[in-house]
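Chemist: So that we are looking at the same thing, I have put the structure below in structure tokens.
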Amino acid sequence: DSSLPWVGPAGGPVVSMVGDANNANILYAGSWGAGVFKSIDAGETWLPKNMGMNNFYINSMAIDPYNSRIVYAGTYRDKLYKTTDGGQTWFQSSTGIQAGAIVYTITVDPQNADIIFIGTRGENSNGEAPWKGIVYRSIDEGITWTPVLQNVSRLGVNIQDWAYDLVVNPKNHNIVFAGLHESGVYKSTDGGIHWAASNSGINTDIISVRGLSINPASSSADALYMGTWHRQGSYK
């Protein structure tokens, strides 16, 4: 709507945005080509916050729910960056992550912020399978990373599928879901150590997930919502 005022940073499409749960005035926007922007006045004005970054193509962002000065930014082919001073300076926090990783999604465990999951895809110049998709887990606030879900293949094809979204159940952090590019939803019930497909009721060979969400207000947090690509609709 051209009648609405422009709100937001100028410098490239905004791919990811996160807000401080403890201060509604503080927002971070990850742009495609101009890095991270920060607002401290609820989005009225923005300033670039890129000191220490070597890649300005931001794919994903997340904030530590207990310490909002800690923010994570996933890049396109330059792994993961972290700030501990509210975006003033950034450093790469990627030990154990595959070379040239695209970080599509980041989720911080809402019960234990030491535990973080990221969904990645590795180096592949021609855009064809295998895609080297790996979900990693960190148990030390992103200092080191371990693969926990990889080599996922649809119908026996060696595609090494990757996760576009990851969510942790807010009432039981042992339950983690991964939404994959072609293989639907995978679920872990032991904090991300072991995984299995969870696609009962979806009657298609290719299940292309683009978003997952759990209602945090639910008393049991049993309702999981999935948005799909290829005109497959949404599921609950």
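The values are calculated or read from the model by the stated rules, or taken from the named source; none is laboratory data. Since this is a predicted model, take the numbers as computed values, not measurements. Cβ sites come from the backbone with ideal geometry, for glycine too, and all protein chains shown count toward neighbours. The accessibility values were calculated without ligands, DNA or RNA, using every heavy atom of the protein model including side chains. Shrake-Rupley method; radii C 1.70, N 1.55, O 1.52, S 1.80 Å.
Chemist: Which of the lysines could be linked to Lys236 by a straight reach, that is with a Cα gap under 29 Å, when you skip same-chain ones fewer than 8 residues away?
Modeler: Lys132, Lys171, Lys187
Chemist: How much of Met51 can a 1.4 Å solvent probe reach, expressed as accessible area in Å² and rounded to 10?
Modeler: Roughly 130 Å² of Met51 is accessible to a 1.4 Å probe.
Chemist: If you don't mind, there's one more thing I want to ask. Please list Tyr186, Tyr76, Tyr81 from largest to smallest accessible area, probe radius 1.4 Å, with all protein chains kept in place.
Modeler: Sorted by accessible area, descending: Tyr76, Tyr186, Tyr81.
Chemist: In terms of the Cα gyration tensor, with a ≥ b ≥ c the square roots of its eigenvalues, is the range 1-134 rounded because a/c is under 1.5, prolate because a/b exceeds b/c, or oblate?
Modeler: Cα axes put the range 1-134 in the oblate bin.
Chemist: Around Met53, with a cut-off of 15 angstrom between Cβ atoms, what is the net charge of the other residues, counting Lys and Arg +1 and Asp and Glu -1?
Modeler: +3
Chemist: When a/c reaches 1.5 or more, the comparison of a/b and b/c decides; with that in mind, is the range 97-236 rounded, prolate or oblate per its Cα gyration tensor?
Modeler: Taking the square roots of the gyration eigenvalues as a ≥ b ≥ c, the range 97-236 is oblate.
Chemist: Percent relative contact order of the chain, based on C-alpha pairs within less than 8 angstrom and at least six residues apart?
Modeler: Relative CO of the chain lands at 10 percent.
Chemist: Hey, another quick one. With a 1.4 Å probe and all protein chains kept in place, how do Lys49, Lys187, Lys82 rank by accessible area, largest first?
Modeler: Reading off the accessible areas and sorting them downward yields Lys187, Lys49, Lys82.
Chemist: Right, next: Using Cα pairs under 8 angstrom and six or more residues apart, how large is the relative contact order of the range 97-236, in percent?
Modeler: Relative CO of the range 97-236 lands at 16 percent.
Chemist: Moving on. Which sequence of Arg137, Arg121 reflects their accessible areas, 1.4 Å probe, from the largest down?
Modeler: Ranked from most to least accessible, the order is Arg137, Arg121.
Chemist: Would you mind computing, in nm to one decimal, how far apart the modelled labels at Trp32 and Asn126 are, each placed 7 Å from Cα along Cα→Cβ?
Modeler: A separation of 2.5 nm, rounded to one decimal place.
Chemist: Using R₀ = 25 Å, calculate the FRET efficiency as 1/(1 + (r/R₀)^6) where r is the Cβ-Cβ separation of Glu44 and Phe91; round to 0.05.
Modeler: 0.30
Chemist: Rounded to whole Å, give me the distance from the Cα center of the range 25-60 to that of the range 141-205.
Modeler: The range 25-60 and the range 141-205 have Cα centres spaced 29 Å from each other.
Chemist: If you don't mind, another one. Which residues among the range 124-144 fall inside the zone where the amide N is under 14 Å from a point 7 Å beyond the Cα of Thr84, along Cα→Cβ?
Modeler: 140-144
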